[in-house]
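Computed from the coordinates by the stated procedures, all read-outs in this text should not be read as laboratory data. This is a predicted model, so every value here is computed, not measured. Glycine also receives a Cβ, built like all others from the backbone with ideal geometry; neighbour counts cover every protein chain displayed.
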Amino acid sequence: MSPAEESYAAVDLGSNSFHMIVANFTDGHLQIIDRMKEMVRLASGLNAKKDLSEESIQISLECLQRFGQRIKEIPSTNVRAVGTNTLRLARNKELFLSKAYEALGHPIEIIAGREEARLIYSGVAHSSYDETSKRLVIDIGGGSTELIIGKGYDTIKTESLHMGCVNVGQQFFEDGKIKPKRMRKAILSAMQELESISSAYKNTGWDYVLGSSGTILAIRDVVQSQGWCDSGITASALTRLSEVLIAIGDSEMLSFDGLSDRRKPVFASGIAILSAIFEALEIDKMNVSDGALREGLLYDLIGRTHNEDIRDQTIAAVTQRYNIDSEQAIRVKNTAKALFDQVKVNWQLNDNNDLKILEWGAMLHEIGLSVAHYQYHKHGAYLTANSDLAGFSQQDQKKLAMLVRSHRRKFPLEELQIINASIRPSLTKLCVLLRLAVVLHRGRSGYDFPEIHVGMDKGNIRLIFPTNWLEQHPLTLLDLNTEQSYLQAAGIILDFQ
């Protein structure tokens, strides 16, 4: 295997900084070989209407071009890039994502807040493994703050709060002035965000606290360079740092060992958020971890390529939680895969992404029955789109939700038009395959199913059954006739014999 094939890369498009790490994975061991970081402050480019400015987009694209040059020799299956809070909020995210794809050479996935928290914990856990103790992990980003309680590699509680050093800085320290009332208002605002989770977190408890990422690393470096604590960050050192900042009174005048010039504008807001967390959760001391989101992303990616995909575990957990008929789901999944295998070349579908989405959609297609039988495909689409599904990006959840939504009744052409044009053709084809698999198993019977051959003719699809099989199964024939009408209305010609 060539070095390029052994290499992996993870890119984190944060609200304050973009990070990339490159690593080699050999004999079960991960070796980081390169790190790149640029502070782009993407969150500061959001206007009042939640649109990213042209300037912030351009700065981001220039950074991604540099990242892309570094990883251009790494196989696409070994690269994963994700966007976080700011891209979750941006109204013009699709414009940004298309340009970012061109700049980096790889698609950008947007992940939900709790998925971000899970990946952060994974990065911390792999950097400092402890299978016996519960730890509280805190990560202050540019647009959000994640708090996770976990043990070993498993999370117990995950939360993502809409407060970060950039947006809090814009609200309370926009002109760079650090005054006592502003600092206290910023702390109280952060405590208000924490109010809904603090009791539950304290009731769960933890054995020690770990912080990760740039804001907390910078605070640790400053308090230790000043000699205010020997290791980590203590509550007393944090209080003293806050008092010193107020005495200085201006972000531009800050001068500490360990504090870069580019960190200065968001330093006071980061201290306010961390002070609020210490106060609300009654923390005396925090240690600091080298692991963070990008490391978690890297380990998640390696798991996917080595048949340890967290998404498989997530789907299994969801089927159990919603009491989905697993036998029926597996029947539908197997038939959908059999159809997929015969059309994938002609329809230009791939095993890495398209097949996985199809199989997961088959496992979840009846999830809506947990709400009501009437229009359960619509209930199921809502549940799939809005649940916290570990390992899934927002884009993949939208694909899954569309598969669930479209697996029966009228083909939802109008809703498909909302889907990004670049994935719409392949997603439509996956919807057709799932619909056919569902129709063929409508009887929910466990009898041996016949081998069905699939023929293709100018994009139309033909199902070829064993001789006389359809005549011997008149209900299936009737179901196929009904499905033929549904698909014809959507411009898809289905034939069978």
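Tabulated data
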| item | result |
| --- | --- |
| Rg to Rh, two decimals, where the stretch 309-446 supplies the alpha carbon set and Rh follows Kirkwood | 0.92 |
| Above-threshold pairs, the threshold being 21 Å between Cα atoms, out of 37/399; 179/202; 37/179; 72/356; 181/264; 72/399 | 37/399; 179/202; 37/179; 72/356; 72/399 |
| Kirkwood estimate for the stretch 129-289, i.e. one over the average of 1/r between Cα atoms, Å | 15.7 |
| Loop-located trypsin sites (Lys or Arg not before Pro) in the stretch 45-132, at most 14 other Cβ atoms within 10 Å (DSSP) | 49, 50, 72, 91 |
| Which labelled figure in (1) 73, 56, 33; (2) 88, 49, 47; (3) 65, 57, 45 is Cα extents along the principal axes in Å, once derived from the coordinates | (2) |
| Qualifying GluC sites (Glu not before Pro) for the stretch 416-497 [loop in DSSP, other Cβ within 10 Å: at most 16] | 451 |
| Mean projected area in nm² (Cα convex hull; one quarter of hull surface) for the stretch 221-264 | 2.9 |
| Share of Cα-Cα pairs in the stretch 243-385 lying beyond 17 Å, as whole percent | 76 |
| GluC sites (Glu not before Pro) within the stretch 102-152, DSSP loop, no more than 15 other Cβ atoms inside 10 Å | 131 |
| With Cα atoms, 0 to 90° folded angle of helix 394-405 axis to the chain main axis | 30 |
| Cβ-placed point charges (K, R +1; D, E -1), dipole of the stretch 129-289 about Cα centre in debye, nearest 20 | 340 |
| Contour minus Cα-Cα distance for residue 262 and residue 285 (0.36 nm per residue) | 5.6 nm |
